[in-house]
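Asks: Take this structure first; my questions come after.
Throughout, read-outs are computed from the coordinates displayed, never taken from laboratory work. All values derive from a computational prediction rather than experimental measurement. Note that each Cβ is placed from the backbone with ideal geometry, even for glycine, and that neighbours are counted across all protein chains shown.
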Amino acid sequence: MPKDTNLGVMDAITKRHSVRTFTEKPVSNDQLDALFQAARLAPSSLNSQPWRYKAVRDKSLLTEFGKKEISRTQAWLAGAGAIIVCCADTEGYVRDSQASAFFYRENDLIKGDTMKGIDEYVERESSAAESARFGAAAMNVGISISFMMLRAVELGLGTCWVGMFNEQKIKDMLGLPPGLRIVGLLAVGHPAPGQPTEHKRKQLEELVLT
């Protein structure tokens, strides 16, 4: 897929499809930086920006991702140019949400019942179980991953979102700190030719409630 800087947003959405076969052409530092810049600009709850990313390009580590113990033998992962391990910082999510709420309140930017609702939400998240905080933070991470996937189309790269993996084994393998939870893996690379590009999607009539 050649680089196309003239794509509109809808063009990128339409052209994006899951890619599971890649050429051996490497993913460059500049390309990864471009993906991360796109992710950085995504919206997040209370501007908490809880996403954290680890890019893996080492061939021996990529091979590990394709094994049964890591991904239930999704061997095609070993052929990716890079795998981006997409994480949520659950502690940072609460801390930065608290900071945003404080800023809104102290600068009188949000008032009345809306501000009260924000304060209640932040208090609830700060005292919630880790699993609940992870769910809320993961929603924000998912949005930023979508931004990366669309930017990848513009760069001529292919991606595939992967949600089946052994989180603890990946954390141990990469030495990720305890405060991070893995939301998903994003395989990235230059698409090999001859792959299906069809989108099997439901019709609008099935999705839009009237």
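Asks: Do the sum for the chain: with -39,500 (n - 2.57) for every DSSP H run of n ≥ 4, divided by all residues, what is the mean residue ellipticity at 222 nm, to the nearest 500 deg cm²/dmol? Mind showing how you got there, number by number?
Replies: Details: 9 runs with 100 residues, N = 210.
Computed ellipticity for the chain at 222 nm equals -14500 deg cm²/dmol.
Asks: Continuing with the same structure: Over 24 Å between Cα atoms, which of Lys25/Lys202; Lys15/Lys202; Lys3/Lys169; Lys25/Lys59; Lys25/Lys54 qualify?
Replies: Among Lys25/Lys202; Lys15/Lys202; Lys3/Lys169; Lys25/Lys59; Lys25/Lys54, the Cα-Cα distance tops 24 Å for Lys25/Lys202; Lys3/Lys169.
Asks: Using Cα pairs under 8 angstrom and six or more residues apart, how large is the relative contact order of region 95-203, in percent?
Replies: Answer for region 95-203 is 21 percent.
Asks: Per the Kirkwood definition applied to all pairs of different Cα atoms, how many angstroms is the hydrodynamic radius of the chain?
Replies: Computed over the chain, the radius equals 18.7 Å.
Asks: Additional query: What is the distance in Å between the Cα centroid of region 161-198 and that of region 59-97?
Replies: Centre-to-centre distance over Cα atoms comes out at 3 Å.
Asks: While we're on this one: Would you list the membrane-span-like helices of the chain, meaning whole DSSP H runs whose alpha-carbon atoms span at least 15 Å along their axis and whose mean Kyte-Doolittle value is at least 0.5?
Replies: Sorted by number, the helices that extend far enough and score high enough are 130-154.
Asks: Related question: Which cross-chain or sequence-distant (5 or more) residues have an amide H under 5 Å from the amide H of Thr23, H modelled 1.01 Å from N in plane?
Replies: His190, Ala192
Asks: Shifting gears a bit: Using only alpha carbon pairs under 8 Å that are at least six residues apart, calculate the relative contact order of the chain and give it in whole percent.
Replies: Relative contact order, the chain: 37 percent.
Asks: Could you work out which residue, out of Thr114, Thr63, Thr90, moves most in a Gaussian network model of the chain, that is, has the largest mean-square fluctuation with Cα springs under 10 Å?
Replies: Per the Cα network of the chain with a 10 Å cutoff, Thr114 tops the list.
Asks: What is the spread of the Cα atoms of region 134-210 along each of their three principal axes, largest first, in whole Å?
Replies: Computed over the Cα atoms, the extents are 43, 40, 21 Å.
Asks: Taking the Cα-to-Cβ direction at Val9 and at Gln195 and moving 7 Å from each Cα, how far apart do the two end points lie in nm?
Replies: 2.5
Asks: With θ set to phi - 60° and the Karplus curve 6.51 cos²θ - 1.76 cosθ + 1.60, what are the ³J(HN,Hα) couplings of region 7-20 in order, to the nearest whole Hz, using x for Gly and Pro?
Replies: 5, x, 4, 5, 4, 5, 4, 5, 7, 5, 8, 6, 10, 10
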